[in-house]
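Asker: I have a structure I would like to understand better, so I am pasting it below and will then ask my questions one at a time.
Laboratory data are not the source of any read-out in this text; all were calculated from the coordinates shown. Computed from a predicted model, the values in this text were never measured in an experiment. Methodologically, a virtual Cβ is constructed for each residue, glycine included, from the backbone with ideal geometry; neighbour enumeration extends over all protein chains shown.
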Amino acid sequence: MVTHVPAEAHGDERGALLSFIAEQRGAIRRSVLRLTDEQVVSTPSASELSLAGLVKHVAEVEQMWVAMAKGEPPAVVRDQSNWHECFQLVGGETVESQLEYWEKVAAETEAFVRSVPSLDDTFALPDQPWFPPDGRVSMRWLCLHLIRETARHAGHADIIRESLDGATAFDLVAAEQQTESGS
């Protein structure tokens, strides 16, 4: 779903990139609006994806990419034995706790992107078979990748939400606006 991100609100390229990331985060956050705990973990489509799992996944992935750009280890390490847990709530995790975590990650992303000297600065990609050997990417690439990653999953969230109760992205924008205005 397209929401309007006014160009004049950002002032510069960093602001624009960060606003488009925030726009896509908002789409995923809205997808869990007014749902029960049972609904957010359900898998109503042919996929095994749930809305709660998508919230958790995008938060972990965003944190992992920013940590990589900073040259730090990710907060959560996934390997072949537990990779699927990034799409599921485990232990005492709730969708609320994942949304709170994602808020912190989003603030960290914003602060980091605003602090780098140049969007042309680069960082090394890990030595993994799906990345080019000796690959480096720019901070601009990082922002564009986060937009792409989050938007892809926002589309998944749209389908899952509509499968649950028929609410479309337009319905959710209106519901969010009603919640914010107190109506």
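Asker: If you average the sequence gap of Cα pairs under 8 Å that are 6 or more apart and divide by the length of the chain, what percent do you get for the contact order?
Answerer: Once normalised by length, the contact order is 30 percent.
Asker: About the Cα centre of segment 33-126, how large is the charge dipole given +1 on each Lys and Arg Cβ and -1 on each Asp and Glu Cβ? Please answer in debye to the nearest 20.
Answerer: 100
Asker: Which one of Gly71, Gly91, Gly166 has the biggest mean-square fluctuation once the chain is modelled by GNM with Cα springs under 10 Å?
Answerer: Gly91
Asker: Another question, then. For the chain, what is the charge dipole size about the Cα centre, in debye to the nearest 20, if Lys and Arg each add +1 at the Cβ and Asp and Glu each add -1 at the Cβ?
Answerer: 240
Asker: Output the peptides 100-106, 15-21 sorted from most to least packed, where packing is the average of other Cβ atoms within 10 Å over each peptide's residues.
Answerer: The most tightly packed comes first, giving 15-21, 100-106.
Asker: Ranked by Cβ crowding within 10 angstrom, fewest neighbours first, how are Asp121, Asp158, Asp134 ordered?
Answerer: Asp134, Asp121, Asp158
Asker: Over the chain, with a Gaussian network built from C-alpha contacts below 10 Å, which listed residue (Gln24, Gln80, Gln98) shows the highest mean-square fluctuation?
Answerer: Highest fluctuation among the options: Gln80.
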